[in-house]
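K.L.:
Just dropping this structure here.
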Amino acid sequence: MVLGVVAFLVTLAAVLAAAGHAGYLAMLTSAAKKRPGGQPAVDFARKRFPIAGVGLGVTLLAFLIGTGDTAGADIFAILLGGGGGIASVKALQSTQSKFRRGDF
């Protein structure tokens, strides 16, 4: 029971982090398309979309695994979701720092 709640909270936070990265890239692409000379930023965001997609997929998989009734599934979901969430946050930070420095 308690392990299931922990798995739910960890995987939910991971999904939100991964969705945040994908959302940031979507907003960046949308804003860059509206500006003259924004094509390099659009290209940069498009290169980063697969990273965000994989992170979102992994965390969604962890969320689905966490809906199982066994303790083993919950532990695996916590590990998978935690790793995917941390990786998504690091990828978001990397994307933001590269964009702010103009490394695209």
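K.L.:
Calculate the dipole size of the chain relative to its Cα centre from +1 charges on Lys and Arg beta carbons and -1 charges on Asp and Glu beta carbons; express the result in debye to the nearest 20.
P.N.:
I would put it at about 780 debye.
K.L.:
Let me ask something else about it. Could you give the nm distance between label points at R46 and Q96, where each point is 7 Å from its Cα heading toward the beta carbon?
P.N.:
So the two model labels end up 2.6 nm from each other.
K.L.:
Mind sorting out which of (i) 2, 11, 16, 14, 9, 7, 6, 5, 5, 5, 5, 4, 4, 3, 2, 1, 0; (ii) 2, 12, 20, 19, 15, 14, 11, 6, 2, 0; (iii) 2, 15, 22, 18, 13, 10, 8, 6, 4, 2, 0 is the real P(r) over Cα pairs in 5 Å bins from 0, in percent computed from the coordinates?
P.N.:
(iii)
K.L.:
What share of Cα pairs, in percent, lie more than 17 angstrom apart in the range 22-69?
P.N.:
Of all Cα-Cα pairs in the range 22-69, 45 percent lie more than 17 Å apart.
FYI, it's all coordinate maths here, none of it is from the lab. In this text the structure is predicted, and so the values were computed from the model without any measurement. Note that each Cβ is placed from the backbone with ideal geometry, even for glycine, and that neighbours are counted across all protein chains shown.
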